[in-house]
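Any read-out appearing in this document is the output of simple, stated calculations on the displayed coordinates, not a laboratory observation. From a predicted model like this one, the values you see are computed outputs, not experimental measurements. Cβ atoms come from the backbone with ideal geometry, glycine included; neighbour counts cover every protein chain shown.
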Amino acid sequence: MGWKLVHHRDLGIIELILRGELTQKDFIDAASARVRAGKETGVNRFIINPLELVATRTQALDVVDIPSQVYERNHANPTSFVALLQAEGEEMRLLTRFYETAALNRGWKIRVFEQREAALTWLNGVQLTLPDQP
């Protein structure tokens, strides 16, 4: 498995760390696990950290459908905030921007950051809202 989840209880954030070469199934499994962990813990702030992720241009097609397939199918919390860390290299920039665009186009609150500290500052400063109560 080229990914792992870390629940930073002190920060109220779940971090998804991606490593190595991932297949479309790996990306889907990782995203599904992140959504499940958010539900189980009540956390709706996340960092996606492509630490040592090896990206190729073809992976853009592997990640573009995650917001529509995985988030919607698993009933992800629509009030979630996702900070996506930008890894080094042109291929990773392409992959990151492709994912960000796909998620934003589907209404998800996602933002790309060059530095982890900036991502944490943003996540800690967002206004957390609860879904409308009937």
Relative contact order (percent, whole number), the range 3-125, Cα cutoff 8 Å, 6+ residue spacing: 25
Partner lysines whose C-alpha sits under 19 Å from that of LYS25, ignoring same-chain residues fewer than 8 away, are LYS4
Please list the non-local residues whose amide H lies under 5 Å from the amide H of TRP3, H modeled 1.01 Å from N, same-chain partners needing a gap of 5 or more. ARG19
Using a 10 Å cut-off around each Cβ, can you sort HIS75, HIS8 from fewest to most neighbouring Cβ atoms? HIS75, HIS8
Calculate the FRET efficiency for ARG93 and HIS7 from the Cβ-Cβ distance with a Förster distance of 30 Å, rounded to the nearest 0.05. 0.60
